[in-house]
């Protein structure tokens, strides 16, 4: 299990937080996905043997946010 | 049919716009409910014989926003 923090631009409210957490949380291999709105951060615990960082970034971008 | 514009504080993104439009749009007597995010405005066309302004304000506040 790996833990990675992403800087995500454009999350402005709890709807955004939920959208990102739900989208990333639904990826296979994700154990936890938690957004800190004030810090503009998403922290993901995941199984790196079945899920890539690129796929996580894509899931964030598909929700309409930019990953730094 | 009556048309009323509300100033709504706290709507920050399209999720917020959708939440307010959906909640108000679901009220009986509402014909249209449209948010202008940049202007912080919600404009509602409704049948004032079956729906009160107070009820519209409540629906907005139930979504977590303040009506000026």
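Throughout, read-outs are computed from the coordinates displayed, never taken from laboratory work. Owing to the predicted nature of the structure, the values given are computational and were not obtained by experimental measurement. Note that we place each Cβ from the backbone using ideal geometry, even for glycine, and neighbour counts take in every protein chain shown.
Computed quantities for the displayed model
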read-out: Rg(Cα) / (2.2 N^0.38 Å) computed for chain A, rounded to two decimals; value: 0.97
read-out: Modelled FRET efficiency - R0 22 Å, residue B:50 with residue B:7, Cβ distances, 0.05 increments; value: 0.35
read-out: Inter-label distance for residue B:68 and residue B:32, nm, one decimal - labels placed 7 Å from Cα along Cα-to-Cβ; value: 2.3 nm
read-out: Relative packing of A:59-68, B:8-17, which averages over residues the other C-beta atoms within 10 Å, highest first; value: B:8-17, A:59-68
read-out: For A:15-28, mean number of other protein chain Cβ atoms within 10 Å; value: 1
read-out: Tilt relative to chain A, helix A:53-62 - C-alpha long axis, 0 to 90 degrees, to 10; value: 30 degrees
read-out: Other-copy label distances relative to residue B:55, 7 angstrom Cα-Cβ extension, nm; value: 4.9
read-out: Sum of -39500 (n - 2.57) over DSSP H runs of 4+, divided by residues of chain A (222 nm, nearest 500); value: -10000 deg cm²/dmol
read-out: Inter-copy separations for residue A:32, label at 7 Å along Cα-Cβ, nm, ascending; value: 4.7
read-out: Between the range A:1-50 and the range B:17-68, the alpha-carbon center distance in angstrom; value: 31 Å
read-out: Computed over the protein assembly as shown, the ratio Rg/Rh where both radii use C-alpha atoms and Rh is Kirkwood; value: 1.13
read-out: Computed lengthening from residue B:61 to residue B:40, 0.36 nm per intervening residue step minus Cα-Cα distance; value: 6.1 nm
read-out: On Cα atoms only, tilt of B:14-25 relative to the major axis of chain B in degrees; value: 10 degrees
